[in-house]
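The block underneath contains the structure these notes are about, expressed in structure tokens.
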Amino acid sequence: MKKRGVGIGCMWYGIGNTGLPNPASAFVEWLDDGSVNLMVGCADIGQGSDTVLAQIVAEELGVSFDQIVVTSADTMITPEGGATSASRQTYISGNAARLAAAEAKKVALAEAVEKLSVPAEQLSFADGYVYVSGCKSDLALKDLIACCRAKGKLTLGHGWFNPDTTGLDPETGYGSPFGTYAFATQIVEVEVDTATGKIEVLKVVAAHDVGRAVNPDMVVGQIEGGTVMGLGYATLEELEINQGKIKNPNLDTYLLATSLDVPEIVSVIVEDQEPTGPFGAKGVGEPALIPTAAAIANAVYDAIGVRIYSLPITPEKVLAALDEKYEQ
Amino acid sequence: MAKQTIKFFINEIAATAEVETDKLLVDFLREDLAMTGTKKGCGVGECGACTVIIDGRAVNSCMVLAATIDGSSITTIEGVNKGEQLHRLQQSFIDHGAVQCGFCTPGMILSAKALLDSNPKPTEQEIKTALSGNLCRCTGYHKIVAAVTAVSEADCGGEKNE
Amino acid sequence: MSNTGMGASVARKDAVKKVTGQALFAADIVRPGMLHAKVLRSTVPHAILKALDISEAAAYPGVVKVLTAADIPGPSGDGTLVKGEICSDRDACFPAVRPCGVGIILKDEPVLVHDKIRRIGDAIALVAAETEQAAEAAIKLIKVSFQELPAVFDPIEAMKPDAPQVHPNNILTVRKIRKGDVEAAFANADVILENRYRTQSVEHAYIEPEAGVAEYDGSMLTLWVSTQNVHFDRKEVARTMNMDVNKVRIIQAVTGGGFGGKLDISVQCHLALLAYHTRRPVKLVYSREESMVASAKRHPYIIDYKTAATKDGKWTALKATIIADTGAYASYGPGVITRAAVHATGPYEVPNVWIDAYAVYTNNPMAGAMRGFGVPQVAFAHESQLDLLAEKLGLSPLAVRLKNVLVPGGITATGQVLKHSVGIKETLLQAAQTAQKQGPNFPKWEVE
Ligand code: FES
Ligand code: FES
């Protein structure tokens with residue numbers, strides 16, 4: 001018989017290394033024609049940090065994303081970025097990139113004050129132009145930068161950011177290990193075949209508090225990818241290790257979810273802005289996976305009334321647990 | 001090492017090459033032809049990163065000896081776009097955010113292309129089945145399936161998409 | 001100009017290169033005169049390495065160099081454990097400590113084994129040859145003599161005083177959290193639930209196996225690598241090679257996923273050694289098997305949870321013991337277990353917390369960082385415990401969570417006061433509301 005059930009999984013996740021300094025940095029060079037070089041130590045491993053960091057700089061400077069060229073993770077060119085781990089790069093390298101852009105912007109702003117005879121507080125940069133009290137002026141940013149350059153003033157910036165943390169007391173664990181935390185709830189619907197023990201995950205609703213989504217489509221991409229990896233963790237994946245030897249050391253025996261295994265995923269982006277994040281952003285890379293297995297385990301219980309206390313929840317474990325239940 | 005001369009079309013260009021008889025197609029493409037867009041992820045026919053199209057069919061090039069392509073026509077990722085002009089699948093992958101790390105992407109695009117070339121309006125299930133031999137660890141597949149679906153819906157049976 | 005800054009779903013910077021196959025991953029890079037490398041790895045989990053005979057391998061046609069631990073210029077030999085506590089400035093003191101290895105937290109993994117093998121997959125020797133085939137053939141000609149040692153594969157066994165010693169102390173990390181008074185809370189509890197949870201070892205399985213290319217021009221070492229942290233790589237390579245840090249240039253090649261598994265040193269130091277000794281560019285690409293054998297895994301956990309609650313469903317105490325099998329080397333183990341302890345309550349305010357969390361060495365494959373960094377394991381436990389509590393009290397899973405979630409001003413298990421951006425309640429409410437629109441199977445939990 002096929003039985004359906006629904007389960008909830010929640011999670012929190014501190015952004016950055018636990019109770020340790022973990023700074024990152026960036027350089028920005030704003031060029032005569034308004035284009036920008038951004039240099040960051042942060043390694044883009046596919047999650048999209050080059051893109052996100054360019055968007056943060058685009059926002060800070062008021063230039064277009066396309067005008068920004070990012071050089072990342074080259075130790076001769078880019079300053080310290082720390083690890084692409086701990087879901088930290090949007091928050092930490094993001095702040096660094098924003099600070100670097102702000103420093104370059106300062107020079108341009110001073111020039112604009114002089115040119116327009118307007119106090120700095122009334123000026124902002126957007127869409128490639130200087131705005132005065134929210135109204136677009138005739139002064140294009142590229143002309144402003146060219147002007148700075150002509151006067152020998154370079155529009156350069158560097159920035160670094162280290163989240164405000166304290167170490168953990170070795171005896172009590174007391175401390176403030178993270179600058180901010182991401183949160184999430186996933187609700188999962190499963191169908192369990194009580195004859196075979198097979199679990200099918202039908203639908204996942206994934207609500208993630210990311211502070212602020214720099215790039216909503218890419219946030220959804222992280223949620224979908226993480227959820228499917230979490231599904232594999234919950235039901236499919238296990239390294240069989242016997243006497244220290246991996247018995248399934250290739251992808252023909254270590255099974256990953258394929259396009260046929262994935263449930264419908266409804267992603268909900270919750271934006272509870274983080275004041276210490278770049279424009280309110282936190283992170284999402286790891287949170288995307290964390291609650292999925294927990295939610296699936298709870299959904300399996302809801303479906304068939306047996307609780308599996310070990311991962312992965314395999315058909316064998318489901319059948320054994322059902323047998324035990326009926327014996328009682 | 002025994003060698004064999006083979007004649008084939010690679011991305012519509014006629015070619016002749018000497019290959020070692022035990023050389024895998026994926027290695028021949030990557031090493032002998034310096035076409036590194038075809039990736040190697042497992043070497044056992046499971047990940048699909050090495051997918052190329054041989055005579056219209058998507059094939060794992062790690063499971064095929066190069067010598068066997070004699071007389072065949074091969075499409076690799078390098079032949080999908082025409083210079084700067086991206087194929088609609090490639091554009092759709094970009095537009096739908098179907099690319100993260102990008103290592104699976106060439107293989108995915110070729111599996112999708114082989115499907116659409118033979119079945120321009122596949123169902124979602126047909127798309128998922130056609131891509132089920134291509135593993136992606138990053139995206140969770142949704143955006144990839146959406147990217148292929150969008151091209152198939154846009155393709156109203158007009159001239160064959162190149 | 002349309003907005004392309006915050007909140008804009010612009011296309012990725014690297015998308016065109018990736019859809020056209022032009023993106024250069026490390027295995028795609030070719031340098032003039034490039035050699036191909038292979039690594040000899042141990043096939044036994046615990047042994048004393050007695051001798052290595054490389055003569056036949058070195059004489060094999062096409063082989064340019066065979067290297068062992070004796071060829072490491074820097075202080076990176078056998079992986080003697082050097083604890084952070086002994087030496088607070090880890091990097092600065094290493095030159096004085098010889099020999100040592102690589103690792104993000106402890107330098108306990110040998111670049112090449114020189115006295116003790118601790119897991120299947122330990123690197124023992126390197127070959128660089130004109131072709132990959134020659135390198136592969138030569139690796140098989142290296143003769144290794146070793147004396148097997150009793151091994152330990154169960155972390156609970158490994159914690160016992162008489163267990164085989166993987167390192168001088170098999171207990172790598174103990175992380176404690178103490179908040180309030182758990183015993184008093186259990187004495188006053190309406191509901192106590194106690195369960196053991198277990199989680200498995202899993203593989204990152206990025207589709208791109210580890211790869212890199214190195215070259216040395218007599219003063220600068222340059223490496224193109226699939227990696228998550230070029231600056232860490234640079235320090236590890238520089239120390240291994242006994243070079244100034246700025247003489248090592250690490251360039252991240254386009255990287256085909258990492259998920260935590262490309263934070264550890266893989267090809268970097270081996271490539272640096274070979275490029276240095278051959279003065280030719282060298283490439284090393286892992287096969288899938290090598291990737292799976294040599295790389296770090298997600299830590300398997302044994303988790304004992306005892307939770308107390310009031311009859312209204314408010315959690316009052318959590319007592320937990322968490323044991324993580326970190327395998328043969330520390331990798332990110334201490335960080336993973338610390339994060340697990342800190343996150344063990346889940347996103348809930350629990351007034352009384354007692355946690356002992358251990359990372360334990362065994363002769364299993366090394367465990368390290370993997371997406372979630374120790375938290376998915378404890379999430380499985382705390383979310384199961386909450387559902388069990390809800391069932392016992394006749395509450396909905398949503399209601400029991402809403403009663404316990406952290407809110408602004410809430411205090412975590414480590415005493416941190418959360419001031420802002422505490423969106424857990426909002427994610428619960430929005431997830432529940434969205435779920436209820438998904439069809440009749442989703443329960444109509446009342447959203448207070
Ligand atoms: S490399 Fe051919 S299928 Fe994986
Ligand atoms: S995008 Fe990384 S494997 Fe598919």
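The values are calculated or read from the model by the stated rules, or taken from the named source; none is laboratory data. Just so we're clear, the structure is a prediction, and the values are computed from it rather than from any experiment. Cβ: placed from backbone, ideal geometry, glycine included. Neighbour counts: every protein chain shown. Accessible surface is based on the protein model in full, side chains and every heavy atom, while ligands, DNA and RNA are left aside. Shrake-Rupley method; radii C 1.70, N 1.55, O 1.52, S 1.80 Å.
Each residue of the stretch C:140-156 is assigned a 3J(HN,Hα), and the resulting list reads 6, 8, 6, 9, 10, 10, 8, 10, 5, 10, x, 10, 10, 10, 10, x, 5 Hz, derived from the Karplus form 6.51 cos²θ - 1.76 cosθ + 1.60 (θ = phi - 60°), x at Gly and Pro. Taking every protein chain into account, the accessible area of the stretch A:24-161 amounts to 36 square angstrom per residue (probe 1.4 Å). Inter-chain neighbour count for B:139-150: the average number of beta-carbon atoms from partner chains within 10 Å of each residue's beta-carbon is 5. This model, with +1 at the C-beta of Lys and Arg and -1 at the C-beta of Asp and Glu, gives the protein assembly as shown a dipole about its Cα centre of some 880 debye.
Interface burial in the stretch A:16-43 reaches 20 Å² or more for A:Thr18, A:Ala43, comparing the full protein assembly with the chain by itself; accessible area from heavy atoms with a 1.4 Å probe. Taken along its principal axes, the alpha carbon cloud of the protein assembly as shown reaches lengths of 81, 81, 65 Å, longest axis first. Relative contact order of chain B, taken over Cα pairs closer than 8 Å and 6 or more residues apart, is 23 percent. Identify the residues of the stretch A:1-39 with backbone N under 20 Å of a label point that sits 7 angstrom from the Cα of A:Asp164 along the Cα-to-Cβ direction, or state none. The answer is A:13-25. Think of chain C as a dipole: +1 on every Lys or Arg Cβ, -1 on every Asp or Glu Cβ, centred on the Cα centre; then among C:Ala185, C:Leu395, C:Ala135, C:Leu395 lies furthest on the positive end. Summary of the geometry: the stretch B:50-104 and the stretch C:311-329, compared by the centres of their Cα atoms, lie 48 Å apart.
Pull out a ≥ b ≥ c, the square roots of the eigenvalues of the alpha-carbon gyration tensor of chain B, then state rounded if a/c is under 1.5, prolate if not and a/b is larger than b/c, and oblate in the remaining case. Judged from the Cα gyration tensor, chain B comes out prolate (a/c at least 1.5, a/b above b/c). Here the calculated FRET efficiency for B:Ala14 and C:Leu193, from their Cβ-Cβ distance with R0 = 56 Å, stands at 0.20, rounded to the nearest 0.05. Choose one of B:Gly45, B:Leu135, B:His87: the residue whose Cα lies farthest towards the positive end of the charge dipole of chain B (beta-carbon charges +1 Lys, Arg; -1 Asp, Glu; about the Cα centre). Farthest along the dipole direction, towards plus: B:Leu135. For the chain pair A and B, buried accessible area totals roughly 1800 Å², probe 1.4 Å, rounded to the nearest 100. Within the stretch C:371-448, the trypsin sites (Lys or Arg not before Pro) that combine a DSSP coil assignment with at most 11 other C-beta atoms in a 10 angstrom radius are C:Lys437, C:Lys444.
I'd like the distance between the alpha-carbon centres of the stretch A:1-63 and the stretch A:211-226, rounded to an integer number of Å. Rounded to whole Å, the Cα centres lie 10 Å apart.
I'd like the residues of the stretch B:73-99 whose 1.4 Å-probe accessible area shrinks by no less than 40 Å² going from the isolated chain to the full set of protein chains. SASA drop of 40 Å² or more in the stretch B:73-99: B:Ile94, B:Val99. With the gyration tensor restricted to C-alpha atoms of the stretch B:1-61, the semi-axes of the equivalent ellipsoid amount to 19, 15, 10 Å, longest first. Share of carbon and sulfur in the accessible area of the protein assembly as shown stands at 52%, probe radius 1.4 Å.
Assign one of three labels to the stretch A:162-248, namely rounded, prolate or oblate, based on the Cα gyration tensor with a ≥ b ≥ c the square roots of its eigenvalues; rounded applies when a/c is under 1.5, prolate when it is not and a/b is larger than b/c, and oblate otherwise.
Details: a/c = 2.37, a/b = 1.35, b/c = 1.76.
In terms of gyration-tensor shape, oblate.
By the rule of a C-alpha distance below 17 Å, with chain neighbours fewer than 8 residues away ignored, the lysines paired with C:Lys306 are C:Lys176, C:Lys179, C:Lys314, C:Lys319, C:Lys392. Placing a label point 7 Å from the Cα of A:Tyr309 along the Cα-to-Cβ direction, the residues of the stretch C:287-320 whose backbone N falls under 15 Å of that point are C:301-307, C:320.
For chain C, the per residue solvent-accessible surface stands at 33 Å², with DNA, RNA and ligands left out and a 1.4 Å probe. Largest mean-square fluctuation among A:Ala281, A:Ala140, A:Ala297, in a Gaussian network model of chain A whose springs join Cα atoms under 10 Å apart, belongs to A:Ala140. About its Cα centre, the stretch A:24-161 has a charge dipole of approximately 260 debye under the convention of +1 per Lys or Arg Cβ and -1 per Asp or Glu Cβ, with nothing else charged.
In terms of Cα atoms, the Rg and Dmax of chain A work out to 24.8, 87 Å. Here the calculated FRET efficiency for C:Lys160 and C:Gln133, from their Cβ-Cβ distance with R0 = 41 Å, stands at 0.30, rounded to the nearest 0.05.
Which of C:Ala70, C:Ala413, C:Ala214 moves most in a GNM of chain C, Cα contacts under 10 Å? Looking only at C:Ala70, C:Ala413, C:Ala214, the largest GNM fluctuation is found for C:Ala70. Computed over the stretch A:24-161, the Cα gyration tensor eigenvalues convert (square root of 5λ each) into semi-axes of 28, 14, 12 Å, ordered from largest to smallest. Beta bridges from DSSP with both residues in the protein assembly as shown: antiparallel share about 75 percent, rounded to the nearest 5.
Interface area, chains B and C: about 2000 Å² of buried accessible surface, summed, with a 1.4 Å probe and ligands, DNA and RNA left out.
Measuring with a 1.4 angstrom probe and ignoring ligands and nucleic acids, B:Thr76 comes out at about 0 Å² accessible.
Cα convex hull, the stretch B:77-162: 87 Å³ per residue, rounded to a whole number.
Kirkwood-type hydrodynamic radius, the stretch A:148-193: 16.6 Å, calculated from all non-identical alpha-carbon pairs. Candidate cross-link partners of A:Lys136 among the aspartates and glutamates, defined by an alpha-carbon separation under 14 Å and a same-chain spacing of 8 or more, comprise A:Asp127. Per residue, the convex hull spanned by the Cα atoms of chain C measures out at 192 cubic angstrom. In the protein assembly as shown, the calculated helix contribution to ellipticity at 222 nm averages -8000 deg cm²/dmol per residue, counting -39,500 (n - 2.57) for every DSSP H run with n ≥ 4. When accessible surface is computed with a 1.4 Å probe, chains C and A are found to bury approximately 9300 Å² between them, both chains counted. A straight Cα-to-Cα reach below 24 Å connects A:Lys282 with the lysines A:Lys105, B:Lys143, C:Lys13, C:Lys262, C:Lys419, C:Lys425, residues fewer than 8 places away in its own chain not being considered. Close lysine pairs were tallied over the stretch B:3-79: pairs 8 or more places apart or on different chains with Cα atoms under 20 Å apart number 4. Extension gain, A:Ser124-A:Asn242: 0.36 nm per intervening residue step, less the Cα-Cα distance, totals 36.2 nm. In terms of accessible area, using a 1.4 Å probe and ignoring ligands and nucleic acids, A:Val228, C:Val245 rank largest first as C:Val245, A:Val228. The alpha carbons of the stretch C:140-206 occupy a box of 68, 36, 18 Å along the principal axes, longest dimension given first. Take the stretch B:3-79 with all the other protein chains still there, run a 1.4 Å probe, and you get 41 Å² of accessible area per residue. Taking amide H as placed 1.01 Å from N in the peptide plane, A:Val266 has its amide H under 5 Å from the amide H of A:Val204, A:Val205, A:Ala206, each at least 5 places away in sequence or on another chain. Magnitude of the charge dipole for chain C, about its Cα centre and with charges confined to Cβ atoms of Lys, Arg (+1) and Asp, Glu (-1), is about 780 debye. Please find the FRET efficiency linking B:Glu124 to A:Lys198, where r is the Cβ-Cβ separation and R0 is fixed at 22 Å, and quote it to the nearest 0.05. About 0.50, to the nearest 0.05. When the Gaussian network model of chain A links Cα atoms closer than 10 Å, the mean-square fluctuations of A:Ala295, A:Ala73, A:Ala26 top out at A:Ala73.
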